[in-house]
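Chemist: Just passing along the structure, written as structure tokens.
Throughout, read-outs are computed from the coordinates displayed, never taken from laboratory work. If you're wondering where the values come from, they're calculated on a predicted model, not measured in any experiment. Please note: Cβ atoms are built from the backbone with ideal geometry, for glycine as well, and neighbour counts cover all protein chains shown.
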Amino acid sequence: MQRRHALATLAAAALLSLAGGANAQAAKIKVGFMLPYTGTFAALGNAIENGFRLYVEEQGGKLGGREIEFVKVDDESDPAKATDNVNKLIKRDSVDVIIGTVHSGVAMAMAKAAKDSGTILIVPNAGADAVTGPMCAPNIFRSSFSNWQPAFAMGEVAAKRGHKKAITITWKYAAGEESVNGFKEAFEKNGGQIVKQLTLPFPNVEFQALLTEIAAAKPDAVYSFFAGGGAVKFVKDYAGAGLNKSIPLYGPGFLTDGTLEAQGDAAQGMLTTLHYADGLNTPRDNAFRLAYAKSYKLQPDVYAVQGYDAAQMLGIGLTAVKGDVSKKAEFATAIEKAKIDSPRGAFTISKAHNPVQDIYLRKVEGKVNQVSGVAAKGLADPARGCRM
Amino acid sequence: MDLATFLIQCLNAVQYGLLLFLVASGLTLIFGIMGVINLAHGSFYMIGAYMAYALAPLVERSVGGGFFVTLLVGIPLAVLLGYVLEWLFFSYLYERDHLQQVLMTYGLILVFEELRSILLGDEVHGVAPPALLAGSIPLGDLMTYPVYRLFISAVCIAVAAGMYFVIARTRLGMRVRAGASNREMVQALGLNIRLLYRIVFAVGVALAALAGMIAAPVSSVYPGMGGQVLIICFVVVVIGGIGSVRGALLAALLVGFVDTFGKVFFPEAAGVLVYVLMAAILLWKPEGLFKAA
């Protein structure tokens, strides 16, 4: 029995290699996922991969007429290992396309490697402005957002709600600073004033000292950028300190996305801005949600959408070049011209390859981030520093 | 900064310092007294926090108790875990050099993180504080202070007092100290040092898990939470003087103050101030604030 099994395997392997040799054109496209599969962002990495695979499956396992083969590297959200990890995909596995990642610091190293090697890179989350700013390149795309986008939209919302003086608080790292700067730009343009910018070292979650500072300064509003466990703790501590009763807390959607179960009552009624929301109730989003829930027995989140759209963008590019990834210029032009039919609502890709998209205003109701309007329509990142 | 704000900040500092002590207390035993470099200490803390999250619904269903019953169930489980771990792994490490201890305990971190991921997933979860302590007291005109945080401080003080008493004033503590300074001699005197160490280790694990369970309602539970407390725990134990409970308490409070006021006055340098403090103290007193009791 075992012997027969072994023989069958051998025969299959021989056939496979024959097929491969006979028709090189039909070789699979190698897609390398470089995502966090362990650590704080593990759930995000899995959602992105799930979303990506869902779209590929919907297309019958093929994009641009070629079958897709996946390889995976766990980036551990560790910038120190990022260059080694991305080179594993580029040099060892010689992938055609890289999908990654969540952490901005890691994504920057990936962008640099992709720029040098010319490998196509689609960033399915990391919001570092620089990826589609100074680091922009013809072969680098983003299916998610820039940190500037939801922050800028929130700055306008906060100013329009009549707040004059605001305090910002975030971790002292690039993503936090970019987000705060985006908020500040819009808030001050619309007549507001940032009276204090508080920071604490990443990933410190001991907020009590800074909450006391906020209480002493008595601003009209607070804008904060935190994610994951830090977001949960900050929102809870903010409510625990009683500040939510007198000073509204705003932030980009990551403050309340995937964290509501843990935040409980502390987050109720909070307003955040993001390019996705619960309850969009469009046929496109409903279909996506149903398909995702069926495939993975999970509700999709914004990360799943970004993964799904990364696959859509790849599909558009590959279709245009008929599966020939070496035609980089045509690949890029096709994506730049496309309208991507995303569950979040259709969006286009800017010259710098960042989505031009609606930013929703969302309100926390129970366990969902219910959409309550569009905070900024067709918002494009200014792509500062991009020469392309 | 006016006086009221200053006093609230002092309260924050003390409260954070006490929490640090609670988290580091188990490490004082395992690293400080037994001399094992235990990188897995953060994992024990994480296990405690996840117990507070995962055991609560089970306890609720089977015995009908809340947070405190969960604590009562969780602590014996942690002692048991520590006992078994010492028996299976750590008992082989005492004679080995530090590098091997680092390797094995680092391996344990990976194993525990993966087990956590398989068993409970990678989501962030909240743990509700017990209803009895869910309120908050007003502080100044805007702020309130959660009662639960004061409860944490009270637990920390109780643990500190208990540890100091057991180690410095009881026969068991005397044997532990004797074993720490000369293992062979204690053995020659007819004491079962293996059992003694097994118990001390189990208690150290239980303290870390207790810290995790108590801290869970304020910190929430999330992947990688153990790694965040690990380094600061070593800082506290090293500043305090290896093996000294008094030193660890004082060091934790010191770190609490430096961290709190550092964030307020020197936000640019807040990340390194604690380590500057450690370096300064080690230059001044290379063995830490207190020599082992």
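Chemist: Out of B:Met34, B:Phe21, B:Pro286, whose Cα points farthest toward the positive end of the dipole of chain B (charges: +1 Lys, Arg; -1 Asp, Glu; placed on Cβ)?
Modeler: My answer, from the dipole projection, is B:Met34.
Chemist: Then there is this: Using DSSP to define loop residues, name the GluC sites (Glu not before Pro) in region B:67-133 whose beta-carbon has at most 16 other beta-carbon atoms within 10 Å. Don't skip to the end; give the middle numbers.
Modeler: On the way: sites: B:Glu86, B:Glu95, B:Glu113, B:Glu114, B:Glu123; in loops: B:Glu95, B:Glu123.
Passing sites in region B:67-133 are B:Glu95, B:Glu123.
Chemist: Taking a cut-off of 25 Å between Cα atoms, list the lysines near A:Lys294, but don't count ones fewer than 8 places away on the same chain.
Modeler: Here the lysines satisfying the reach criterion relative to A:Lys294 are A:Lys62, A:Lys72, A:Lys367.
Chemist: Loop by DSSP (not H, G, I, E, B), at most 12 other beta-carbon atoms within 10 Å: where is the longest site-free stretch of chain B for trypsin sites (Lys or Arg not before Pro)? Write down the numbers at each step before the final one.
Modeler: On the way: sites that count: B:Arg96, B:Lys291.
Of all site-free stretches, the longest is B:97-290.
Chemist: Right, another one. Mind checking the dipole of the protein assembly as shown: about its Cα centre, +1 per Lys or Arg Cβ, -1 per Asp or Glu Cβ, Debye to the nearest 20?
Modeler: For this selection, approximately 380 debye.
Chemist: Separate question: Whole-Hz Karplus ³J(HN,Hα) for region A:314-319, in order, using 6.51 cos²θ - 1.76 cosθ + 1.60 and θ = phi - 60°, x for Gly and Pro?
Modeler: In residue order, the calculated couplings are 4, x, 4, x, 5, 4 Hz.
Chemist: When you have a sec, figure out the Kirkwood radius of region B:13-152 from all distinct Cα pair distances and drop it here in Å to one decimal?
Modeler: Numbers: mean 1/r = 0.0577 Å⁻¹.
Answer for region B:13-152: a Kirkwood hydrodynamic radius of 17.3 Å.
Chemist: Gap in Å between the Cα centre of region A:182-249 and the Cα centre of region B:131-158?
Modeler: 21
Chemist: Compute the angle between helix A:42-58 and the longest alpha-carbon principal axis of chain A, please, reported from 0 to 90 degrees and rounded to the nearest 10.
Modeler: Relative to chain A, helix A:42-58 is tipped by roughly 50 degrees.
Chemist: Next question, about the same structure. Set the Förster radius R0 to 60 Å, insert the Cβ-Cβ distance between B:Val147 and A:Lys189 as r into 1/(1 + (r/R0)^6), and round the FRET efficiency to 0.05.
Modeler: With R0 = 60 Å, the Cβ-Cβ based efficiency is 0.90.
Chemist: Same structure again: A:Leu271: net charge of surrounding residues, Cβ under 9 Å, Lys/Arg +1, Asp/Glu -1, itself excluded?
Modeler: Combined, the nearby Lys, Arg, Asp and Glu give +3.
Chemist: Treating only the Cβ of Lys, Arg, Asp and Glu as charged (+1, +1, -1, -1), what charge dipole size does chain A show about its Cα centre? Round to the nearest 20 debye. Spell out each step's value before the answer.
Modeler: On the way: 44 positive and 37 negative charges, 94 e Å.
With only Lys, Arg, Asp and Glu charged at Cβ, the dipole is about 460 debye.
Chemist: On to the next question. Which residues' amide hydrogens lie under 5 Å from the amide hydrogen of A:Tyr223, considering only partners 5 or more residues apart or on another chain, with H built in the peptide plane?
Modeler: Counting only residues 5 or more places away or on other chains, the set is A:Ile167, A:Thr168, A:Ile169, A:Tyr250.
Chemist: What's the average, rounded to a whole number, of partner chain beta-carbon atoms within 10 Å of each residue's beta-carbon in A:197-204?
Modeler: Whole-number average of other-chain Cβ neighbours for A:197-204 is 5.
Chemist: On to the next question. Please list the helices of chain B that count as membrane-span-like by this rule: a mean Kyte-Doolittle hydropathy of at least 0.0 together with Cα atoms stretching 24 Å or more along the helix axis, each helix being a complete DSSP H run.
Modeler: B:3-27, B:41-62, B:67-88, B:98-120, B:147-169, B:193-219, B:245-265
Chemist: Specify the inter-centroid distance of region A:269-329 and region B:272-293, based on alpha-carbon positions, in whole Å.
Modeler: Between the Cα centres of region A:269-329 and region B:272-293 lies a distance of 53 Å.
Chemist: For peptide B:144-151, compute the average count of partner chain beta-carbon atoms within 10 Å of each residue's beta-carbon.
Modeler: 3
Chemist: What whole-number volume per residue, in cubic angstrom, does the convex hull of the C-alpha atoms of region A:255-388 give?
Modeler: Each residue corresponds to 131 Å³ of Cα convex hull volume.
Chemist: Based on the Kirkwood radius over alpha-carbon pairs, what value in µm²/s does the Stokes-Einstein equation return for the translational diffusion coefficient of chain A at 37 °C and 0.692 mPa s? Mind showing how you got there, number by number?
Modeler: Numbers: Rh = 21.6 Å.
D, rounded to a whole number, is 152 µm²/s.
Chemist: Residue-wise, which Karplus ³J(HN,Hα) couplings in Hz belong to region A:365-374, taking 6.51 cos²θ - 1.76 cosθ + 1.60, θ = phi - 60°, and x for glycine or proline?
Modeler: Calculated HN-Hα couplings, in order: 10, x, 9, 10, 9, 6, 5, 10, x, 9 Hz.
Chemist: Using a Förster radius of 45 Å, what is the FRET efficiency between B:Phe6 and B:Asn182 based on their Cβ-Cβ separation? Nearest 0.05, please. Display every interim value, and only then the final one.
Modeler: Working: r = 48 Å, r/R0 = 1.07.
Efficiency at R0 = 45 Å is approximately 0.40.
Chemist: Roughly how many debye, to the nearest 20, is the charge dipole of region A:148-274 about its Cα centre, given +1 on each Lys and Arg Cβ, -1 on each Asp and Glu Cβ, and no other charges? Each step should come with its number before you reach the end.
Modeler: Values: 12 positive and 12 negative charges, 83 e Å.
Computed about the Cα centre, the dipole is about 400 debye.
Chemist: Still on this model: Per 0.36 nm of contour for each residue apart, how much would the distance between B:Ala128 and B:Ser91 grow if the chain were fully extended, relative to their Cα-Cα spacing?
Modeler: Details: separation 37, 0.36 × 37 = 13.32 nm, distance 3.72 nm.
Contour length minus Cα-Cα distance gives 9.6 nm.
Chemist: Using a 10 Å cut-off on Cβ atoms, rank the peptides B:73-82, A:99-108 from the highest mean neighbour count down.
Modeler: A:99-108, B:73-82
Chemist: At R0 = 45 Å, how high is the FRET efficiency between A:Asp78 and B:Leu189 if r is their beta carbon distance? Nearest 0.05 is fine.
Modeler: For A:Asp78 and B:Leu189, the calculated efficiency is 0.35.
Chemist: While we're on this one: With both bridge residues required to lie in the protein assembly as shown, what share of the DSSP beta bridges run antiparallel, to the nearest 5%?
Modeler: Roughly 40 percent of the beta bridges in the protein assembly as shown run antiparallel, per DSSP.
Chemist: Under 14 Å from a point placed 7 Å out from the Cα of A:Gln370 along the Cα-to-Cβ direction: which residues of region A:278-304 have their backbone N that close?
Modeler: Only A:278-281 pass the distance filter.
Chemist: Which one, A:Gln268, A:Ala320, A:Gly279, is farthest towards the positive end of the dipole of region A:268-388 when Lys and Arg carry +1 and Asp and Glu -1 on their Cβ?
Modeler: A:Ala320
Chemist: In Å, what Rg and Dmax follow from the Cα atoms of region A:74-170?
Modeler: 16.2, 56
Chemist: What Kirkwood hydrodynamic radius do you get for region A:148-274 when you take the inverse of the mean 1/r over all pairs of distinct Cα atoms, in Å?
Modeler: On the way: mean 1/r = 0.0713 Å⁻¹.
Kirkwood hydrodynamic radius for region A:148-274: 14.0 Å.
Chemist: I would also like to ask the following. Give me the mean projected area, in nm² to one decimal, of the convex hull enclosing the Cα positions of region B:9-284.
Modeler: Quarter of the Cα hull surface area: 16.3 nm².
Chemist: Let me confirm one metric for peptide B:23-33, namely the mean number of other chain beta-carbon atoms within 10 Å of its residues' beta-carbons.
Modeler: Details: counts 0, 0, 0, 0, 0, 0, 0, 0, 0, 0, 0.
The shielding value for this peptide is 0.
Chemist: For chain A, find the longest principal axis of its Cα atoms and tell me its angle to the long axis of helix A:228-240, 0 to 90°, nearest 10.
Modeler: 20
Chemist: Summarise the long-distance tail of P(r) for region B:71-170 by giving the % of C-alpha pairs beyond 21 Å.
Modeler: So the pairs more than 21 Å apart make up 63 percent of the total in region B:71-170.
Chemist: Taking the Cα atoms only, what angle lies between the long axis of helix A:148-160 and the longest principal axis of chain A, rounded to 10 degrees?
Modeler: 30
Chemist: Right, here's the next one. For the protein assembly as shown, take N as its residue count and report Rg(C-alpha) divided by 2.2 N^0.38 Å.
Modeler: After normalising by residue count via 2.2 N^0.38 Å, the value is 1.04.
Chemist: Pull up the DSSP beta bridges for region A:86-236 and report the antiparallel fraction as a percent, rounded to 5.
Modeler: Bridges in region A:86-236 are about 0 percent antiparallel.
Chemist: May I ask you to list the residues of region B:205-227 whose amide nitrogen lies under 20 Å from a point 7 Å from Cα along the Cα→beta-carbon direction of B:Leu115?
Modeler: B:205-214, B:216, B:221-227
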